[in-house]
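Enquirer: Below is one structure. I have some questions about it.
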Amino acid sequence: MSLDSIRAHKLRSFLTVFGIVIGVVVVIVVASLLTGVRQSVVDVIAEYGTNNIYAFHLSTGFTNVTREEERTRKPFKQEDAEAVRRFAPAVEDVASVLLVAWWDSTIQYQGKNHRRGQLQGVTANYAETCNLSISAGRFITEPDDTNRRNVMVIGVNIADALFPGKSGDQVVGTEVKLGGRPFEIIGVLEKRKNAIFGENEEDNAVFIPFRTARQVSPGSEYILFVIRAREGQFKQALDQTEEVLRRVRNVPFNAPNNFDLGTADKFISQFDSIMGMIGLIAIAISSVGLLVGGIGVMNIMLVSVTERTQEIGVRKAIGARRRDIVRQFLYEAMTLTALGGIAGVVIAVVISKIIGLLLPSLPATIPLWAVIAGLLVSIFVGLVFGVWPARKASRLDPIECLRYE
């Protein structure tokens with residue numbers, strides 16, 4: 001009977017549940033995008049290494065909010081890395097990264113300029129510590145660093161921009177100019193399998209030896225440590241690293257750290273907190289649509305009670321109880337909103353697939369919980385907003401109903 005009533009007023013029924021459709025679509029599409037992006041973040045972090053600890057004197061991670069107090073902190077020194085390596089038994093190795101900021105990082109080759117390179121000075125063990133792969137040539141070695149050689153390893157985007165149509169082996173050995181100085185390309189990085197929005201920072205990376213970076217850019221002081229824990233000793237490595245750095249930086253026992261230690265779990269937790277805020281905004285937007293849809297359902301059900309007054313009188317006259325009338329109108333309201341929820345799910349799935357086709361770099365994975373939640377909430381809206389019309393219908397006097405014109 002509920003389906004027959006809805007079929008009899010197709011356009012009216014569609015317009016009634018339009019708000020519910022919009023609400024369900026918003027929730028599922030946003031949830032699918034957030035789930036896909038989160039999985040990409042997890043995959044990228046896992047590819048760099050889940051046993052790694054990232055030490056920096058400023059806050060790191062997705063929030064990356066530098067407080068006023070942090071601006072007075074002293075950057076790390078290379079001696080701090082040696083101290084961690086020496087006094088933290090659970091630490092397997094420590095790679096140092098000098099963030100070059102006070103030098104022109106433009107790469108020039110035969111009249112072509114590439115300015116998007118992210119220039120960093122790294123120690124020879126950086127590739128092993130961060131699970132880097134080389135597609136052609138080799139990575140920086142200890143002699144390169146010790147002798148301050150003018151050599152570099154570049155990302156695939158830089159190789160494609162400066163040497164279109166050439167393979168990595170053809171690029172290796174080429175001399176380019178970096179900041180006006182001649183540098184030899186000794187290696188090309190292999191593109192990472194995982195990326196966020198189709199991009200990975202290493203695609204535009206320019207790695208030069210740590211000591212070479214210190215020589216050409218003496219004003220650059222910010223050093224990041226990538227600390228690899230021994231297998232099965234991550235917690236011990238984290239505690240020992242914190243203890244050593246507090247000691248070498250003379251942090252009082254009752255004072256907070258004047259540095260930041262980032263881990264895979266911490267980065268994911270920060271990302272989840274940001275995504276949680278976005279999810280709450282999406283829920284607030286969808287709630288407006290569900291509220292509008294619920295009010296529309298209540299309104300149309302009240303109209304339906306008035307239109308079917310004689311039907312209610314006949315049903316009561318032949319023995320229908322009040323709860324039978326309540327059940328009839330509640331079922332109709334819940335069926336109406338459930339159909340709106342199903343329509344919303346279908347539209348959301350189509351939109352997510354279209355986004356995946358048009359923007360492959362924007363992952364969209366539809367979570368089952370979002371689909372189930374969308375359907376259950378739509379049915380619940382019909383239940384809540386259908387109670388008053390159903391109770392009003394059940395309380396009608398059968399004699400008055402039969403005489404109703």
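Enquirer: Calculate the dipole size of the range 120-224 relative to its Cα centre from +1 charges on Lys and Arg beta carbons and -1 charges on Asp and Glu beta carbons; express the result in debye to the nearest 20. Provide the component values of the computation, followed by the final result.
Expert: Details: 11 positive and 14 negative charges, 45 e Å.
Using only the charged Cβ atoms, the result is roughly 220 debye.
Enquirer: Loop only by DSSP, 12 or fewer other Cβ within 10 Å of the Cβ. Give me the GluC sites (Glu not before Pro) in the range 218-304 that pass, ordered by residue number.
Expert: Within the range 218-304, the qualifying GluC sites (Glu not before Pro) (loop, at most 12 other Cβ atoms within 10 Å) are Glu231.
Enquirer: With n ≥ 4 as the cut-off for DSSP H runs, can you work out [θ] at 222 nm for the chain, using -39500 (n - 2.57) per run divided by the number of residues, rounded to the nearest 500?
Expert: -17500 deg cm²/dmol
Enquirer: Using alpha carbons only, how many degrees (0 to 90, rounded to 10) separate the axis of helix 234-248 from the longest principal axis of the chain?
Expert: Once rounded, the angle reads 50 degrees.
Enquirer: In addition: Residue-wise, which Karplus ³J(HN,Hα) couplings in Hz belong to the range 293-301, taking 6.51 cos²θ - 1.76 cosθ + 1.60, θ = phi - 60°, and x for glycine or proline?
Expert: So the Karplus estimates, Gly and Pro as x, are x, x, 5, x, 5, 4, 5, 5, 6 Hz.
Enquirer: If you don't mind, another one. Among the lysines, which have Cα under 26 Å from the Cα of Lys177 when same-chain residues fewer than 8 positions away are ignored?
Expert: List returned: Lys112, Lys166, Lys191.
Enquirer: Using θ = phi - 60° and the Karplus relation 6.51 cos²θ - 1.76 cosθ + 1.60, list the HN-Hα couplings for the range 249-266 in order, rounded to whole Hz, with x at every Gly or Pro.
Expert: 9, 6, 7, x, 5, 9, 9, x, 4, 9, 7, 10, 10, x, 10, 4, 4, 5
Enquirer: Rg and Dmax of the range 74-258, using alpha carbons, in Å: what are they?
Expert: 17.7, 59
Enquirer: So for the range 237-379, taking the charge dipole from beta-carbon charges (+1 Lys/Arg, -1 Asp/Glu), which of Val251, Thr306, Met277 sits furthest toward the positive end?
Expert: About the Cα centre, the residue reaching furthest to the positive side is Thr306.
Enquirer: Could you check which residue among Ser304, Ser59, Ser217 shows the biggest mean-square fluctuation in a GNM of the chain with a 10 Å Cα cutoff?
Expert: So, out of Ser304, Ser59, Ser217, the one fluctuating most is Ser304.
Enquirer: May I pose another question? Residue by residue, what Karplus-based ³J(HN,Hα) values in Hz, rounded to whole numbers, does the range 139-147 have, using 6.51, -1.76 and 1.60 with θ = phi - 60° and x for Gly and Pro?
Expert: Ordered by residue, 3J(HN,Hα) equals 9, 5, 10, 4, x, 4, 6, 4, 8 Hz.
Enquirer: Please list, or write none, the lysines whose alpha carbon is within less than 16 Å of the alpha carbon of Lys392, excluding same-chain residues fewer than 8 places away.
Expert: Counting by Cα, and skipping residues close in sequence, Lys392 has these lysines nearby: Lys316.
Enquirer: Next question, about the same structure. On a 0 to 90° scale, report how tilted helix 18-48 is relative to the longest principal axis of the chain, with both axes built from alpha carbons and the result rounded to the nearest 10.
Expert: 20 degrees
Enquirer: Report, in debye and to the nearest 20, how large the dipole of the range 74-258 comes out about its Cα centre when Lys and Arg carry +1 and Asp and Glu carry -1 on their Cβ.
Expert: Working: 24 positive and 24 negative charges, 73 e Å.
For this selection, approximately 360 debye.
Enquirer: Whose amide H sits under 5 Å from the amide H of Asp93, counting only residues 5 or more places off or on another chain, with H placed in the peptide plane?
Expert: Amide H neighbours of Asp93, under 5 Å, 5+ apart: Arg228.
Enquirer: Using the eigenvalues of the Cα gyration tensor, what equivalent ellipsoid semi-axes result for the chain when each is taken as the square root of five times the eigenvalue, whole Å, largest first?
Expert: 65, 25, 15
Enquirer: Quick query: amide H of Asp260 versus all other amide H atoms, modeled in the peptide plane; which residues come in under 5 Å with a sequence gap of 5 or more or a different chain?
Expert: Phe56, His57, Leu58
Throughout, read-outs are computed from the coordinates displayed, never taken from laboratory work. From a predicted model like this one, the values you see are computed outputs, not experimental measurements. FYI the Cβ positions are ideal-geometry reconstructions off the backbone, even for glycines, and counts take in every protein chain you see.
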